[in-house]
Amino acid sequence: MAKIKNVGILGAGKVGIVLAQLALAAGYNVRISGSGSVQKIALTIETLVPGATPATNQGVVSKSDLVILAIPLSRYKNIKPKLLKGKLVIDAMNYWWETDGIREEVLDPSSTSSEQVQNYFNKSTVVKTFNHMGYHNLQEEARPVGAENRKALFVTGDNKEAVDEIAAFVDTMGFDTVVHYNLADGIMTEPGSELFGASLTKPDLQNVIDHFDETEFGKKIKAGKSA
Ligand SMILES: NC(=O)c1ccc[n+]([C@@H]2O[C@H](COP(=O)([O-])OP(=O)(O)OC[C@H]3O[C@@H](n4cnc5c(N)ncnc54)[C@H](OP(=O)(O)O)[C@@H]3O)[C@@H](O)[C@H]2O)c1
């Protein structure tokens, strides 16, 4: 895979803006889009992420080595799969009832959200990360490698090479990583899980992941699978 230099972010909301700030600080070229016109987000970007380029979704994707989905989960089908064809994609999305509405209308209950995102963008390589930490924590707790109390993010996907590449990217963004090679394991960090909203160091994150089946949420997921 080509070395990541250009980072594209779809979604100029709370998480999109913070990830754009972190990516810019890490030295990447950053392009970012919202759902409307470029003009609509231009002033916000100029003010909050000076140096990033506001663009259309097409403009963001065409010039990016990596595309981050930072939009409400209920909106991902507004983006045509063709647009992301061949791209390395980070899914930072979660189902959130207040924004997304009724779960069954957004997600098929038989699989995890990231699996559904991957099935939809079936010519792209999807890796899930950045989803489980609140945007304030992402903004305030990014630290250089080796810093004391550095926090960690879970990174998971089916394509090993892509997961390793995204883990290295996350490290440059200011976080340690705990890595799995199974996109369905994204469920371990979704709303309802102990890790959703948590901001933990790597040993603590690893510990919860390793004992996921023993957590209340893990037991529920396991029971659902064997039912
Ligand atoms: N908030 C958090 O702390 C947090 C942390 C981790 C992950 N997440 C996840 O990240 C995603 C975004 O959350 P958020 O809190 O950043 O939401 P948000 O503040 O509501 O921002 C969502 C952004 O997505 C844009 N958007 C919607 N449809 C789009 C499309 N088709 N193309 C391009 N942009 C589009 C919106 O643009 P308009 O305003 O023009 O509609 C808005 O800029 C959610 O899935 C959420 O679960 C959130």
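Structural remarks
- Exactly one residue out of GLY27, GLY34, GLY86, GLY51 is surrounded by 19 or more Cβ atoms within 10 Å (Cβ to Cβ) and within 27 Å of PHE175 (Cα to Cα): that is GLY34.
- Count of segment 77-100 residues which are charged (D, E, K, R), part of a loop (DSSP other than H, G, I, E, B) and in contact with a Ser or Thr (Cβ under 7 Å, 6 or more places away or on another chain): 2
- Segment 10-24, subset near the ligand (Cβ under 6 Å from one of its atoms) and buried (at least 22 other Cβ atoms within 10 Å of the Cβ), residue farthest from LEU84 (Cα to Cα): VAL15
- Residues that are of a type outside the set (D, E, K, R) and more than 8 Å from the ligand (Cβ to nearest atom) within segment 25-42 comprise ALA25, ALA26, GLY27, TYR28, ASN29, VAL30, ILE32, SER37, VAL38, GLN39, ALA42, listed in sequence order.
- Only a single criterion out of (1) assigned to a loop (DSSP other than H, G, I, E, B); (2) touching an Asp or Glu at 6+ places or on another chain (Cβ under 8 Å) is not satisfied by VAL208, namely (1).
- From the list SER124, SER110, SER114, the one residue that fits, being without any contact (Cβ under 8 Å) to a residue 24 or more places away in the chain and under 27 Å from LYS87 (Cα atoms), is SER110.
- Among the numbered conditions (1) farther than 17 Å from LYS87 by Cα; (2) in contact (Cβ under 8 Å) with a residue 24 or more places away in the chain, the only one that ILE166 does not meet is (1).
- The set of residues in segment 124-144 being of a type in the set (Lys, Arg) and within 12 Å of the ligand (Cβ to nearest atom) consists of LYS128 alone.
- Candidates in segment 82-100 are the residues that are away from the ligand (no atom under 13 Å from the Cβ) and of a type outside the set (A, V, I, L, M); of these, the one that is nearest to the chain's Cα centre (by Cα) is LYS87.
- In segment 172-196, residue surrounded by the most Cβ atoms within 10 Å (Cβ to Cβ) [restricted to those that are assigned to a helix (DSSP H, G or I) and not hydroxyl-bearing (Ser, Thr, Tyr)]: GLY186
- So ILE45, is it in contact with a helix residue (DSSP H, G or I) (Cβ under 8 Å, 6 or more places away or on another chain), within 12 Å of the ligand (Cβ to nearest atom) and not in a helix (DSSP H, G or I): no
- Residue pairs meeting the criteria (Cβ under 6 Å; at least 6 apart or on separate chains; first within 13 Å of GLY59 (Cα to Cα) and among the polar types (S, T, N, Q), in segment 23-35; second at pLDDT 95 or above and not in a strand (DSSP E or B)): SER33/ALA55; SER33/THR56; SER33/ASN57; SER33/VAL60
- Scope segment 70-102; condition of a type in the set (Gly, Ala, Ser) and at pLDDT 95 or above; matching residues: ALA70, SER74, GLY86, ALA92
The values are calculated or read from the model by the stated rules, or taken from the named source; none is laboratory data. Note that the coordinates shown come from a computational prediction; the quantities given were computed from them, not determined experimentally. A quick note on method: Cβ atoms are made from the backbone with ideal geometry, for glycine too, and the neighbour counts reach across all protein chains shown.
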